[in-house]
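The values are calculated or read from the model by the stated rules, or taken from the named source; none is laboratory data. Because the structure is predicted, anything quoted here is derived from the model rather than measured. Neighbour counts are summed over all protein chains in view; Cβ atoms, including those assigned to glycine, are modelled from backbone coordinates with ideal geometry.
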Amino acid sequence: MDGSVGGERLATLVRMSEGAPRVRFAPSPTGYFHVGGARTALYNWLFARRLGGQFVLRIEDTDRERSDPAWTDGILSALRWLGIDWDEGPIHQSERRAGYEAAARRLFAEGRAYACDCTPDEVRARTAGNPVPGYDGHCRARGLEPGPGRALRFKVPDEGTTVVCDLVRGDVEFANATIEDFVVQKSNGDALFVLAVVVDDLDLRITHVVRGEEHLPTTPKAVLLWEALGDGRPLPVFAHLPILVNEQRQKLSKRRDKVAVEDYRDAGYLPEAMVNYLALLGWAPADGREVLTRDELVAEFRLEDVNRSPAFFDLKRLGHFNGVYVRALGDDAFLAASRPFLEAPDVPFAGRLDDQVLARLAPLAKERVATLSEVPDLVAFAFVEPFDPDPGAYDKAIAGDDAAPEILERFLAGLDTVPFGADGLRSVLTGVADALGRKLAKAQAPVRVATMGRPIGLPLFESLEVLGEATVRARVGAALARRRGEG
RNA sequence: GCCCCCAUCGUCCAGUGGCCCAGGACAUCGCCCUUUCAAGGCGGAAACACGGGUUCGAAUCCCGUUGGGGGUGCCA
């Protein structure tokens with residue numbers, strides 16, 4: 001390889017990065033928007049924002065078979081959620097066919113492309129055993145006129161080398177002999193993406209093409225087209241980002257891997273956390289910090305520091321970042337962000353929320369969730385009606401504990417002796433624990449299950465204070481009665 | 001098959017010839033704190049794929065091998 005992105009070359013490429021770069025993010029609307037696309041969009045955006053350039057959004061929907069406007073909507077809303085805004089667009093390639101047709105005509109007129117009426121089957125049959133793969137140039141010299149049923153193929157030079165100047169990979173060389181005469185216009189008249197991309201990048205005056213590594217092998221074709229259609233305009237600087245992989249180290253696939261950006265939104269991840277995590281997948285700031293605000297990312301991000309190897313999208317690590325961001329939220333912001341989850345149609349206490357209670361529970365819950373979708377479960381005890389302890393928890397902590405009746409009874413009695421509140425409750429239960437020779441941790445289990453329904457959750461005494469004396473007495477009493485009734 | 005890319009702890013990054021018997025973070029294990037669970041604190045285990053060079057000196061440079069990945073469509 002010629003992977004050295006060092007010295008002179010780097011200096012030159014970086015110099016080209018100065019001024020006002022124009023980048024584009026160009027997803028194709030053929031499926032939901034996944035985190036790999038989000039990372040690519042983010043890197044484009046960070047690069048543009050840092051250098052004061054423009055970020056253009058382009059929808060690559062030249063394939064009418066597979067594209068669907070619904071997917072475009074999903075992409076736009078995911079980008080907005082992530083806070084990735086665009087300066088121009090969305091530009092739809094489907095609306096720019098005239099330009100592609102003109103380019104195709106020009107290529108033909110200038111002898112850079114030729115018409116071909118071979119069917120895919122014919123080509124395959126003919127080239128089956130060839131050492132050099134791809135089209136065999138069958139129609140090159142047949143002098144066919146373009147027309148319905150005839151594709152247009154670019155006449156790739158037989159000799160020489162095409163070089164892709166890449167900010168993250170260095171110069172990547174492709175022998176022209178290994179590049180087939182590729183199709184630029186389908187036999188139905190539609191442009192193929194390679195052509196469309198080059199025409200648009202030229203028209204949009206794109207200076208930097210930042211995209212996934214899967215595009216690297218087709219880049220020499222784009223370079224060839226750019227040279228044929230660019231009227232001498234300098235090539236864009238390329239930057240092929242390492243792909244994102246799953247645990248099997250394969251490229252993230254919309255099909256196979258559940259990595260839709262909107263799923264993460266729905267699961268209670270914060271966009272700031274997602275952006276922070278995504279930014280660190282393939283790049284890191286010089287000083288080793290890991291939690292960075294959006295502004296810090298913009299200030300620190302350098303395309304030339306992006307590394308070259310694939311990165312695994314690690315949910316655990318995302319969870320860690322999300323926890324950091326959730327905990328950093330103010331109580332009000334935390335509540336506001338949790339709202340959609342608390343008011344979701346499937347929560348068992350829908351319509352019984354109490355903002356006062358919620359506000360008091362917020363600081364307690366904030367510290368204990370990795371994602372916002374966990375909030376409803378944590379605060380359910382305060383709203384659910386009628387209240388009933390989780391069966392498994394009841395069996396273990398109350399039915400299965402010989403001392404449980406006495407603990408509950410003494411606890412209930414103790415309530416008469418102190419002012420109701422977290423401190424009083426704590427001292428009561430501490431007294432009970434002491435009297436029975438138990439650790440406080442062990443003594444609180446029956447009370448917790450009786451009042452909050454589950455063995456783990458928010459801090460007991462603070463939660464009971466919020467619950468209120470009457471409810472606490474009622475629940476403890478109910479659990480006690482039930483336990484006694486069962487012998 | 002052919003073309004191209006990649007190769008540091010399980011994972012994500014740091015490291016651009018000596019500061020590295022390799023540093024941070026996530027995960028993991030142990031301890032502490034503690035009313036559960038978290039959070040937090042402390043500590044542990046854990047990696048330069050292999051082989052040749054170059055050099056006084058290589059995780060860092062070169063070559064090869066192996067391994068992984070991407071592409072190979074009239075998809076993007």
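For this structure, a couple of remarks:
- Residue match in region A:260-280 (condition: modelled with pLDDT under 95 and among the basic types (Lys, Arg)): no
Per-residue answers, yes or no, for (1) out of contact with any helix residue (DSSP H, G or I) (no Cβ under 6 Å at 6 or more places or on another chain); (2) surrounded by fewer than 21 Cβ atoms within 10 Å (Cβ to Cβ); (3) under 16 Å from A:Ala260 (Cα atoms):
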position	(1), (2), (3)
A:Arg50	no, yes, no
A:Val56	yes, no, no
A:Asp68	yes, yes, no
A:Asp73	yes, yes, yes
A:Ser77	yes, yes, yes
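- In region A:328-350, the residues that are among the polar types (S, T, N, Q) reach residues that are surrounded by 14 or more Cβ atoms within 10 Å (Cβ to Cβ) with C-beta atoms within less than 6 angstrom, at least six apart or across chains, in these pairs: A:Ser338/A:Leu372; A:Ser338/A:Val375.
- Residue match in region A:468-476 (condition: part of a loop (DSSP other than H, G, I, E, B) and of a type in the set (D, E, K, R)): no
- Across region A:388-422, the qualifying residues are those that are free of Cβ contacts under 8 Å to residues at least 12 places away in the same chain and hydrophobic (A, V, I, L, M, F, W, C), and the one among them that is surrounded by the fewest Cβ atoms within 10 Å (Cβ to Cβ) is A:Ala413.
- For A:Arg484: the one exception among (1) at pLDDT 95 or above; (2) more than 9 Å from RNA strand B (Cβ to nearest atom); (3) among the charged types (D, E, K, R): (1)
- So A:Phe301, is it closer than 17 Å to A:Leu82 by Cβ and either assigned by TED's automatic domain parsing to the domain that holds A:Arg39 or modelled with pLDDT of 95 or more (or both): yes
- Residue count for region A:306-317 under the criterion of being farther than 12 Å from A:Leu280 by Cβ and part of a helix (DSSP H, G or I): the result is 2.
- All positions within region A:86-141 that are in contact (Cβ under 8 Å) with a residue 12 or more places away in the chain and within 8 Å of RNA strand B (Cβ to nearest atom): A:Gln93, A:Cys116, A:Asp117, A:Cys118, A:Val123, A:Val132, A:Pro133, A:Gly134, A:Tyr135
- Contact map, region A:248-261: first residue touching a residue at least 60 places away in the same chain (Cβ under 8 Å) and within 12 Å of A:Ala38 (Cβ to Cβ), second residue in a loop (DSSP other than H, G, I, E, B) and of a type in the set (D, E, K, R), Cβ cut-off under 9 Å, separation 6 or more or different chains; pairs are A:Ala260/A:Lys254.
- Failed condition for A:Tyr114, given (1) buried (at least 22 other Cβ atoms within 10 Å of the Cβ); (2) part of a helix (DSSP H, G or I): (2)
- Of the residues examined, A:Asp332 is one that is away from RNA strand B (no atom under 16 Å from the Cβ), in a helix (DSSP H, G or I), within 23 Å of A:Leu464 (Cα to Cα) and of a type in the set (Asp, Glu).
- Any strands (runs of 3 or more DSSP E) falling wholly within region A:155-228 and containing at least 1 residues that are buried (at least 17 other Cβ atoms within 10 Å of the Cβ), among the hydrophobic types (A, V, I, L, M, F, W, C) and in contact with a Ser or Thr (Cβ under 6 Å, 6 or more places away or on another chain): A:161-166, A:170-175
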